[in-house]
Structures are given as C-alpha cells and as structure tokens.
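The values are calculated or read from the model by the stated rules, or taken from the named source; none is laboratory data. Just so it is clear, the model here is predicted, and its values are computed rather than measured. Here Cβ is always computed from backbone atoms with ideal geometry, including for glycine, and neighbour counts include all displayed protein chains. Ligands, DNA and RNA are stripped out before the accessible areas are found, and what is left, the full protein with its side chains, is counted by its heavy atoms. Shrake-Rupley method; radii C 1.70, N 1.55, O 1.52, S 1.80 Å.
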Amino acid sequence: MRDAMFLFDPGFIREVYVVPNFISEGYFTQAVVPRELELNGPITKRSNGQLWKYCQPVGNHPLMTELLLKRARDIAPDAAPAETTLLIVAHGTDLNENSAVAAKREAEKIRALGKYATVLNVYMEEPPLVSDWQKLTKTSNVVVVPFFISDGLHSYEDIPVLLGIVAAGVDRRGRPGSAPPATARGEIFRHNPYRIDGRSLFYAPSIGTDPGLADIILEQASNAKS
C-alpha cells in the first residue's frame, strides 16, 4: 500500500482520493490505511504539493441501504414481505466495537421502512448470533444477506455452517491441485430456498458483489471534494 504514495506524478496529479473498500470503520480504516499512506486526517498535503483526501468507507454510504433491499428482493422475489425476516450478517468482534455498527445501522434503517416483518442484525462472533437464527425469527421465510465486501470463506463456508445449510466438519476445500469446491463457484447461493423445519431460508451473496458498489465508490470520492 505504501507504494501508492509514489504512483502519481505531482506535476500532473494534484489530488488523490483514497476510498476504503470496507463495510465499516474499524482497525484497518482508522489505523492501518492512514499509517501506510501517511495520512494525517481527511486532507493531507504532501511536501510535493499533492492533496490526498481520505474518504469514508463504502459501507457508510446511504446507498448501502438500497443495495441491501435490492439484494433481498433479488434472492427471494416471491417471498411475501409480511411473512419474511431479513437478517443482515456481519462478522462482529470484541477487538473493535465499530465492527458491528454498520450492520446495526442498516438494520435499523430498513426496519424503519416497514418493508419486512422483522429486520435483524446478526453476527458470526458476537450476540445476536447468526447461528441462533431459528430462535431469533418466527416468520415462514428468512432472507440472509452477508454484509461483507466480497465472497470468501465466511460467505462460502462459515456462515452456511452456522445457518445449518452445510454440515459442519465437512472438508469442502479439496486436496491440493484439485478443482475448487462447489461453494467456491457460488453453488451455495443457487439452491434457494433451503427448507429447514418447515421454513424457507434464502441465502444471498455478499452485498459487496453488487455492481452498484462501483457507484458508491465514486460517490464517496465525490463527497470528499466538498
């Protein structure tokens, strides 16, 4: 990351916008990125005259709410909202309380819209736990949207195990040199709905895979201009 400081000729590039592609504020956005890029605030003036503007993380943008609603509709278009619970899943950690803030904020905003019977923020590592979804929800339909920037081991493997749609302890990664597991190609998202105890569970790809995220990145840079 430090190399970025030397990539732009100050004779031609007078301003550089840094947009953290993260869901929330946290250790990386507050400590690592500023340290590595030698940023001392929202605006840093280099000795060469360049202005570096540090933008808000993409997850803080208001358009995230629209992306979450769109993803929920796309994954379960026929689920009656009055009979559906929306779960927004984040990692959660006791290392930085901001890790859970973004998911809680989005759940509150969507809940206020009254579009679903229930909207909950749940986490992998702190209460309310996504593994307790059956206790936390009462509706016949449950839509689960991971609040992550990209699909990876959490969305392909860890969360499916916590939801009970993939058996725990199964080695799905294969042997060295073997073809990627079905989950790595997104197969886990193609079997909706999952029928569990008479209820339908819809599992979506991570919100950061939506093409609309590119617009949010541009918006965050634009907001930093003012």
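Residue count for region 55-82 under the criterion of being touching a Ser or Thr at 6+ places or on another chain (Cβ under 7 Å) and not small (Gly, Ala, Ser): the result is 1. Scan region 26-82 for residues that are part of a loop (DSSP other than H, G, I, E, B), closer than 18 Å to Met5 by Cβ and open to solvent by 90 Å² or more (accessible area, probe 1.4 Å) and jot them down. If the condition is that a residue be part of a loop (DSSP other than H, G, I, E, B), closer than 18 Å to Met5 by Cβ and open to solvent by 90 Å² or more (accessible area, probe 1.4 Å), then Glu38, Asn40, Pro42, Ser47 are the ones that fit.
Looking across region 97-146, the residues that are polar (S, T, N, Q), closer than 13 Å to Thr84 by Cα and touching a Ser or Thr at 6+ places or on another chain (Cβ under 6 Å) come down to Thr118, Thr137, Thr139, Asn141. All conditions in (1) of a type in the set (S, T, N, Q); (2) at pLDDT 95 or above; (3) not in a loop (DSSP other than H, G, I, E, B) hold for Thr139, with the sole exception of (3). It is to be established whether one or more residues within region 137-151 are open to solvent by 20 Å² or more (accessible area, probe 1.4 Å), closer than 23 Å to Gly212 by Cβ and aromatic (Phe, Trp, Tyr). Yes - at least one qualifying residue is present in region 137-151.
Of all residues in region 166-173, none satisfies being assigned to a loop (DSSP other than H, G, I, E, B), at pLDDT 95 or above, within 25 Å of Val119 (Cβ to Cβ) and open to solvent by 20 Å² or more (accessible area, probe 1.4 Å).
Does Lys104 satisfy the criteria of being more than 18 Å from the chain's Cα centre (by Cα), without any contact (Cβ under 8 Å) to a residue 60 or more places away in the chain and part of a helix (DSSP H, G or I)? For Lys104, the condition - more than 18 Å from the chain's Cα centre (by Cα), without any contact (Cβ under 8 Å) to a residue 60 or more places away in the chain and part of a helix (DSSP H, G or I) - is not met.
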